[in-house]
Amino acid sequence: MTLTVFALAAIALLALIFGALLGFAAIRFKVEGDPLVDQIDAILPQTQCGQCGYPGCKPYAEAIANGDDINKCPPGGETTIRELSALMGVEAKPLDAAHGVEDVKKVAFIREDECIGCTKCIQACPVDAILGAAKQMHTILIDECTGCDLCVDPCPVDCIDMVPVEVDSSHWEWKFNKVPVGDIPIRQMS
Amino acid sequence: MTMLSLSSSPHHHNRRDIGQVMRLVCYATIPGILANVWFFGFGILIQVVLAIITALVTEGVIMELRKKKTERVLKDYSAVLAALLLAISIPPLAPWWVIVIGTFFSIAVVKQLYGGLGYNMFNPAMAGYVMLLISFPVQMTSWLPPFSIAEQSHSLWDAIHTVFTGFTSTGFSVEQLKVGIDGTTMATPLDEVKTALLQGYTVTEAKSHIMFDGNYGKGWLWVAIAYLLGGLFLIKTKVINWHIPGSMLASAALLSLFLFLLDGDQYASPLFHLFNGSLIVGAFFIATDPVSASTTSKGRIIFGAAIGLWVIIIRNWGGYPDAIAFAVLIMNMAVPLIDYYTQPRTYGHKNKASKDS
Amino acid sequence: MFANYDKIIERISLNQLWDFPGGVHPPQQKTLSNQSSIEYLQVEKTYYVPVKQHIGIEGKLLVCEGDKVLKGQALTTSEAPFSVPVHAPTSGAVTKITNHVSAHPSGIPELSVIIDADGQDTWIELDPVPDYAKTSKSELIERICDAGISGMGGAGFPTHIKTNNSKPLEFLIINGIECEPYISSDDRLMREHAWQIRQGIDILVHILQPKQVIVAVEDNKPEALETMSIACQQKINYQVVSVPTKYPAGGEKQLIQVLTSREVPANGLPIDVGCIMYNVATCYAIADAIVEGKPLIERVVTLTGEGFKSPKNVWARLGTPIQSLLTYGDYDQSQQSSPRFIMGGPMMGFTVTSMLTPIVKISNCILVPADNELPHPEDERACIRCSACSDVCPASLLPQQLFWYSKAKELEKAEEYNLFDCIECGACAYVCPSEIPLVHYYRQAKADIRNQKEEKEKSDKAKIRFEARKARLLKEKEQREEKHRLAAEARKASLSTDGGGTKDKIAAALARAKAKKEALAKQEALAEKEALAKQEALAKQAPHIADLAESEKTKAVSVSEVSTEVVASQTAQGASPAKDSPEDDAAANEETKEL
Ligand code: SF4
Ligand code: SF4
Ligand code: SF4
């Protein structure tokens, strides 16, 4: 009987010691990271679309740091929410549909022959990705466009489309269910 | 309509799946089991059958509950192997409920509660064994003498009778079966030496007991050799690597040799340690359980060597005569650490994997 | 450390090679296809020539739809260093230039030139080099590029880039290993065209000036070893080496390790350890290009597997759809429950997504396995941590850890375990008793990491641009506010200098001005904003316009400053401060006009 008690006590003691060691290590070797807002901002997709209800990603990052919900960013979607939940130590919630739904990646495309050169889209673009001058046709720097959608509404002649970004073979993620079907239907294995 | 099938390379497989690997290990225990039957009677066979049935039923029910593909899981033979290893580790005539409880514990708690095959941290058979040893010390230490020196012999029917009722068909109890021709109760060679040492005898004096044939326990030697053959077969067929058994036997032999040279009266010789008890079974069949062993080559050597050391340490100074189960479980806990620090150097890199980028 | 040059030469001459860790020995199955000589095919009706068939960027198109082309005519031209041209496989007409299913596991359509053959198969005028020994290296390299040669062993690295080497070179290694089971295209090529391969090697030696040439052939190809030895016997610094058969001995890094004991450093190139490696088929193509003047338009392709009634090797032109090859090899549909065509070998090849997938420069084999020959993958089981995988990994990785992290999408961890050093040889998945498609997970993880990095870069850029824009808007706002502040101060100043008697008058005027100002403020803000937007637009249009706009803007600002001063002096003289805002407004208007 006493033996059992002893054994149990010893195990408990060991567990305590290990726990203390771990706790000590966690404090002692803690890495001083970026300030929280920057860390959050680094996770957000930087689409700058404002769908979260803030004028850009950084303001939303600040809001999250001050306790706002983490599920308001549709462009980031599940992945971003998961990362945020890990960083903030809060539970991952599904995307708040009030702010929009996750969509495929898109870029804006201006039908240039219809553009009247009103510069409205230029003012709307959060990342200065539209080129053009007054009364001259505008065009979009595809590499800079974040696909935020903000330039679509201001356009008085509706000549801006959001087109999905096509995957090319070097960006294919090895998902066989995402192959264009050839001349024979395809059965996917792993 | 024809369908074009797509899959990722490699399209080739050497067609040795888990089921086959596990089955090969099971087959490799056959010589040892036969030798055991030859020297100690049919008890072990009954234990094996009971264990396998319990394991399959337990695993099957759990798989049904977890809504997994029961048949496919059962066909990986991992439950069978765990049960088999537990069965050959316990005394042949232990009561039926001992093996049933032990197997159930191994499969349901140690394996499935941790997430099933591949996720268990501890070796299921050995965890089950330790649980039994602690819970039922009497039943778990009632070993029989080999037939050549036993007062009573027993048949297959006797064995079955004893496992289920505690008595042979002719009314002998296990205690009576344990009596040797010299009229004393027999134990295992390791037990015998341990007790003798505690009573102040030397190792040599202890070994003058009739159960010994020189260095080795009668019967036990041959059983160990039979398991050794099975183990070598496994290495030959590349089911296991030499690393764990090799380092484990070597470290056990070295430490015992050192102690033996220090004081031959107090410490038994390396050969005594190697061929008595379950060191051989442990080295080839138990410590090599892939799931709970180390995964790097260097790590496996460390893992095996450490088990060898623990075995000798516990045998000499611990409370139990044999120690494979404890040694294996202790080292199971150290596996993540060992693995982390023994990562091989990747091609083209200077240092260990995670250290440079 | 690694062995030095002399030591290596000594060991090679004794045929005591080194070894690489791991490796597997899958059944070879080479005899299926290597028994008969390479066959020539009739001209196809239609060829689908992808514009990009190598690692790098595509060349610029030279032809248009409807153009007539001759056999060997360049369809694209190399403009950037990493681009390699492609050529017409036969004479005929370009019917279409469009996206066509690619020779890639995804099958995602890529730009291809579709050529209908005219059946004449007329060559374009060839321009061979009369004597390469008298030709400058740079010209030879240019010709190699123009002939469209990229590595034909697997990766498809542009050959002219590799050949343009200025670092000291000890070993020129010619890779005739062909370690993948089933494939025998290099085997047949070496048996039948050893002499031309040797010519290709000679040209490379002339360009690269290596100290030693090693021709490495796996010991399961004794005939090829013999022919290559005969072809190379007159050259003293050419050594033909027989390498023990083990998969993947033909991997560039592994072969270098076997021959020299050296390891190509991570993120480095073979030349960092004094080696350059070419595939035998590439050497053959180089000889063709220089000595005959022929561009790369065909290659040897092995048709093999039990799904073919008559497996063999053929000279297939680039752009041939695999459908035709299936016909040539007598595809036996009854062998397969569902058709599965593998381009490449059983270990590293990929299943094609269409019957019209074209042969490209790196396609060395079409493998059509019977169902029971290479069974379809079964569901994976859990990893039992048996480490069979790490025992066979030639890169000494821990595949089980990589798998764990790849599957859990802990990509950083996977990278920490050197995921990107995995050569995707498939040895690990070949032995895994749980039948886990390990390499598939690695590929997904790699693609994810690459895409994420790209995305990160993009979002970083977006962040910077967003912040820059914010800063700009802020500055503009501040400037405006500053202007108003100055104006206000001026007013205050005038107030305090004025005598008390005028105070009432001034107050009245102020009230009037305030009302007026409020009405105008809106208008002003609008105008100003528009003006700024226009400036911005101009600024973005082109740098010089930007400069212009910049100067205009300064002018505008100075004008407004001037006007503020004017106002200030006016108020100082006792004039009505109410004039202030119309003035300002005018300035703003002027600003707008100026643009
Ligand atoms: S919703 Fe738009 S602005 Fe808000 S954090 Fe997401 S990407 Fe940034
Ligand atoms: S071979 Fe398969 S089961 Fe074994 S450790 Fe590797 S991944 Fe796991
Ligand atoms: S595929 Fe990668 S991890 Fe697997 S054996 Fe080859 S190199 Fe190693």
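The values are calculated or read from the model by the stated rules, or taken from the named source; none is laboratory data. Predicted model, so just to flag it, every value in this text is computed and none were measured. Glycine gets a Cβ as well: all are built from the backbone with ideal geometry, and neighbour counts include every protein chain shown. Protein only, heavy atoms only, side chains kept; ligands, DNA and RNA dropped before computing areas. Shrake-Rupley method; radii C 1.70, N 1.55, O 1.52, S 1.80 Å.
Assuming 0.36 nm per residue, please report the length gained on full extension of the stretch C:Thr46 to C:Asn165 beyond their Cα-Cα distance. Don't skip to the answer; put the middle values down first.
Working: separation 119, 0.36 × 119 = 42.84 nm, distance 3.86 nm.
Stretched fully, the C:Thr46-C:Asn165 segment lengthens by 39.0 nm.
For the range A:54-119, which GluC sites (Glu not before Pro) pass both filters: DSSP loop (anything but H, G, I, E, B) and at most 11 other C-beta atoms within 10 Å? Please list the in-between numbers first.
Numbers: sites: A:Glu62, A:Glu78, A:Glu83, A:Glu91, A:Glu102, A:Glu112, A:Glu114; in loops: A:Glu91, A:Glu102, A:Glu112, A:Glu114.
Answer in residue order: A:Glu91.
Within 10 Å of each Cβ in peptide C:337-345, how many partner chain Cβ atoms are there on average? Round it to a whole number, please.
4
Could you list which residues have their amide H under 5 Å from that of C:Met277, counting only those 5 or more apart in sequence or on another chain, with H placed in the peptide plane?
C:Ile173
Please work out how much length the chain gains when fully extended from C:Lys96 to C:Ala3, using 0.36 nm per residue of separation minus the C-alpha to C-alpha distance, in nm with one decimal.
Details: separation 93, 0.36 × 93 = 33.48 nm, distance 5.47 nm.
The C:Lys96-C:Ala3 span can extend by a further 28.0 nm.
Using all Cα-Cα distances in the protein assembly as shown, what percent lands in each 20 angstrom bin from 0 up to the longest?
Here the calculated profile for the protein assembly as shown is 10, 28, 29, 20, 10, 3, 0.
In the range C:97-141, which residues become less accessible by 30 Å² or more once every protein chain is in place, relative to the chain on its own, using a 1.4 Å probe?
Buried by 30 Å² or more upon assembly, which counts only protein chains, are C:His104, C:Pro105, C:Ser106, C:Ile108.
If you restrict to DSSP beta bridges whose two residues both lie in the protein assembly as shown, what percentage is antiparallel, to the nearest 5?
Approximately 60 percent, going by the DSSP bridge assignments.
Of B:Leu262, B:Gly219, B:Trp317, which is farthest on the positive side of the dipole of the range B:210-337, counting Cα position, with +1 on Lys and Arg Cβ, -1 on Asp and Glu Cβ, and the Cα centre as origin?
B:Gly219
Which entries in the list A:Lys72/C:Lys413; A:Lys135/C:Lys96; B:Lys238/C:Lys309; B:Lys236/C:Lys413; B:Lys67/C:Lys409; B:Lys350/C:Lys167 go over 32 Å, if you measure between the two C-alpha atoms of each?
Values: A:Lys72/C:Lys413 28 Å; A:Lys135/C:Lys96 38 Å; B:Lys238/C:Lys309 36 Å; B:Lys236/C:Lys413 35 Å; B:Lys67/C:Lys409 25 Å; B:Lys350/C:Lys167 22 Å.
From the list (A:Lys72/C:Lys413; A:Lys135/C:Lys96; B:Lys238/C:Lys309; B:Lys236/C:Lys413; B:Lys67/C:Lys409; B:Lys350/C:Lys167), the Cα-Cα distance tops 32 Å for A:Lys135/C:Lys96; B:Lys238/C:Lys309; B:Lys236/C:Lys413.
Would you list the P(r) distribution for the range B:254-357, with all Cα-Cα distances sorted into 5 Å bins from 0 and each bin expressed as a whole %?
Percent of Cα pairs in each bin: 2, 13, 20, 19, 15, 12, 8, 6, 4, 2, 0, 0.
Percent of Cα-Cα pairs per 10 Å bin, from 0 to the last occupied bin, for the range A:35-99, please list those.
Reading upward from the zero bin: 26, 65, 10.
Rg over Rh of chain B, using C-alpha atoms and the Kirkwood radius, what does it come to?
Ratio value, two decimals: 1.01.
Accessible area lost on pairing C with B, both sides, 1.4 Å probe, Å² to nearest 100?
When C and B are taken together, about 4600 Å² of accessible area is lost.
Please give me, ordered by residue number, the trypsin sites (Lys or Arg not before Pro) of the range C:461-497 that lie in loop per DSSP and have at most 14 other Cβ atoms within 10 Å.
none
Counting Lys and Arg as +1 and Asp and Glu as -1, each charge on the Cβ, what is the dipole of the protein assembly as shown about the Cα centre in debye, to the nearest 20?
Roughly 1440 debye for the protein assembly as shown.
With no solvent and one point per C-alpha, what does the Debye sum give as log10 I(q)/I(0) for the range A:88-143 at q = 0.13, 0.25 Å⁻¹?
Values, matching the q order: -0.50, -0.99.
Once the piece of chain linking A:Leu36 and A:Asp158 is laid out straight, how much longer is it, given 0.36 nm per residue of separation minus the C-alpha distance between them? Before the final figure, lay out the partial values.
Details: separation 122, 0.36 × 122 = 43.92 nm, distance 4.01 nm.
Extending this stretch completely gives an extra 39.9 nm.
When Cβ neighbours within 10 Å are restricted to other protein chains, what is their mean count per residue of peptide C:290-300?
0
Leaving out ligands and nucleic acids, and using a 1.4 Å probe, what accessible area per residue does the range A:86-169 come to in Å²? Could the numbers behind the result be given before it?
Values: 4670 Å² over 84 residues.
Computed with neighbouring chains in place, this is 56 Å² per residue.
Which of the listed residues, B:Thr168, B:Leu190, B:Thr103, is farthest toward the dipole's positive end in chain B, when Lys, Arg count +1 and Asp, Glu count -1 at the beta-carbon?
Projecting each Cα onto the dipole axis, the largest value belongs to B:Thr103.
Mind checking the mean number of beta-carbon atoms from other chains within 10 Å of the Cβ atoms in C:431-442? Show your work: numbers first, answer last.
On the way: counts 5, 6, 13, 6, 6, 1, 7, 2, 4, 8, 3, 2.
Taking all residues of C:431-442 together, the mean is 5.
Roughly speaking, to the nearest percent, how much of the protein assembly as shown's 1.4 Å accessible area is carbon and sulfur?
On the way: 30340 of 51140 Å².
Accessible surface attributable to carbon and sulfur in the protein assembly as shown totals 59 percent.
Over both sides of the A-C contact, add up the buried accessible area with a 1.4 Å probe and give it to the nearest 100 Å². Please list the in-between numbers first.
On the way: alone 13310 and 29460 Å², together 38770 Å².
For chain A against chain C, roughly 4000 Å² becomes buried.
Using θ = phi - 60° and the Karplus curve 6.51 cos²θ - 1.76 cosθ + 1.60, what whole-Hz ³J(HN,Hα) does each residue of the range B:44-53 get, with Gly and Pro shown as x?
Taking θ as phi minus 60°, the curve returns 4, 4, 5, 4, 4, 4, 4, 5, 5, 4 Hz for the range B:44-53.
What is the set of long-range amide H partners of C:Val243 at a cut-off below 5 Å, with H atoms built 1.01 Å from backbone N?
C:Val217, C:Glu218, C:Asp219
For the range C:414-429, take each phi angle, set θ = phi - 60°, evaluate the Karplus expression 6.51 cos²θ - 1.76 cosθ + 1.60, and give the result in whole Hz per residue in order, putting x for glycine and proline.
My calculation for the range C:414-429 gives 4, 5, 4, 8, 6, 3, 6, 8, 6, 8, 6, 6, x, 4, 5, 5 Hz in order.
Work out the charge dipole of the range A:104-181 with +1 on the Cβ of Lys and Arg and -1 on the Cβ of Asp and Glu about the Cα centre, then indicate which of A:Val163, A:Ile142, A:Ala129 is farthest towards its positive end.
Sorting the options by dipole projection puts first A:Val163.
Under 1.5 on a/c is rounded, so check that first for the range B:187-340, then, if it is not, pick prolate when a/b is larger than b/c and oblate when it is not; a ≥ b ≥ c are the square roots of the alpha carbon gyration tensor eigenvalues. Intermediate results must be reported in sequence, preceding the final value.
Values: a/c = 2.34, a/b = 1.63, b/c = 1.44.
Note, shape of the range B:187-340 comes out prolate.
List the residues whose amide H sits under 5 Å from the amide H of B:Phe212, counting only those 5 or more places along or on another chain, with H placed 1.01 Å from N in the peptide plane.
Under 5 Å from the amide H of B:Phe212 lie the amide H atoms of B:Lys218, each far enough along the sequence or on another chain.
Could you work out [θ]222 nm for chain B from helices alone, using -39500 (n - 2.57) per DSSP H run of at least four and dividing by all its residues? Round to the nearest 500 deg cm²/dmol.
The helix-only estimate for chain B comes to -16500 deg cm²/dmol at 222 nm.
Given contacts defined as C-alpha pairs under 8 Å and at least six residues apart, what's the relative contact order of chain B, whole-number percent?
Reported relative contact order: 16 percent.
On average, how much area does the Cα convex hull of the range C:378-501 cover when viewed from any direction, in nm²?
Directional mean of the projected Cα hull area for the range C:378-501 stands at 12.9 nm².
Ranked highest first by average number of other Cβ atoms within 10 Å, how do B:197-204, B:41-48 line up?
Per-residue mean Cβ counts within 10 Å order the peptides as B:41-48, B:197-204.
If you place +1 on the Cβ of every Lys and Arg and -1 on the Cβ of every Asp and Glu, how big does the dipole about the Cα centre of chain B come out, in debye to the nearest 20?
Computed about the Cα centre, the dipole is about 1680 debye.
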